[in-house]
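Student: Mind looking over this structure? Questions follow.
Values in this text are rule-based calculations from the coordinates and carry no lab data. For clarity, every value in this text was computed on a predicted model and none was experimentally measured.
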Amino acid sequence: MNGNHRFNLVTSGYDCYQVDNEIDRYEFHVRELNEKILLYQNQIETLNNQFNMIKKRYQLLVSELQAREKQADDVGRLALLEANNIITDAQKSADDIIDEAMLKVQSYVDTMKKFSEQNQEKTRLLRESISSLLDTIDSYSDLAVPNPFEAEAPQEKTEED
């Protein structure tokens, strides 16, 4: 639409038909624009409703996400606490096992030391006994042992008899 529309001049002013035609055209255009405005207002209202609904869904999703993140953090924290407890229990069990093994090893070492001392004592006693026995045997080796077979045999008469 052109705002610089010119009308034809007639004897008593402007041409009424032209002016009426232009006014009708403007009125039609204004009605079209008003209808478009109503249509746009309805669309805006619909879009606002959709926007509000989407906004509510978004807020619901955000709150649900925050709740899930909190749950995930809680689960992670509990898992970490449980893992630390398991590690602590495992370390304690390992320390207990090592302590028990060390006690057993010490007991074995003490037993072996006792056996070794007993063995040394027995070896010393055995050597003393063997030495005493050898001394006794040596003392008997100097003795003349009579031959029992010589005494039974009759003495032969010698030619000198």
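Student: Contour minus end-to-end for residue 69 and residue 124, with contour as 0.36 nm per residue of separation and end-to-end as the Cα-Cα distance?
Tutor: Full-extension gain reported as 11.8 nm.
Student: Assuming 0.692 mPa s and 37 °C, estimate D for the stretch 98-142 with Stokes-Einstein, Rh taken as the Kirkwood radius over Cα pairs, in µm²/s.
Tutor: The Stokes-Einstein estimate is 252 µm²/s.
Student: Roughly speaking, what is the stretch gain from residue 93 to residue 136, that is 0.36 nm per residue apart minus the C-alpha to C-alpha distance, in nm to one decimal?
Tutor: That pair, residue 93 and residue 136, stretches by 9.2 nm at full extension.
Student: From the C-alpha coordinates alone, can you work out the Kirkwood hydrodynamic radius of the stretch 24-87, in Å?
Tutor: 16.3 Å
Student: When the chain is fully extended, how far beyond the present Cα-Cα distance does residue 100 get from residue 47, taking 0.36 nm per residue of separation?
Tutor: The residue 100-residue 47 span can extend by a further 11.4 nm.
Student: From the Cα trace of the stretch 73-115, what convex hull volume per residue do you get, rounded to a whole Å³?
Tutor: With only Cα atoms used, the stretch 73-115 gives 23 Å³ per residue.
Student: Which three extents, in whole angstrom, do the alpha-carbon atoms of the stretch 9-136 cover along their principal axes, largest first?
Tutor: Largest to smallest, the principal-axis extents are 181, 23, 13 Å.
Student: I would also like to ask the following. When only alpha-carbon atoms count, how far does the stretch 53-92 stretch along each of its three principal axes, as whole angstroms with the largest first?
Tutor: For the stretch 53-92, the Cα extents along the three principal axes come out at 57, 6, 5 Å.
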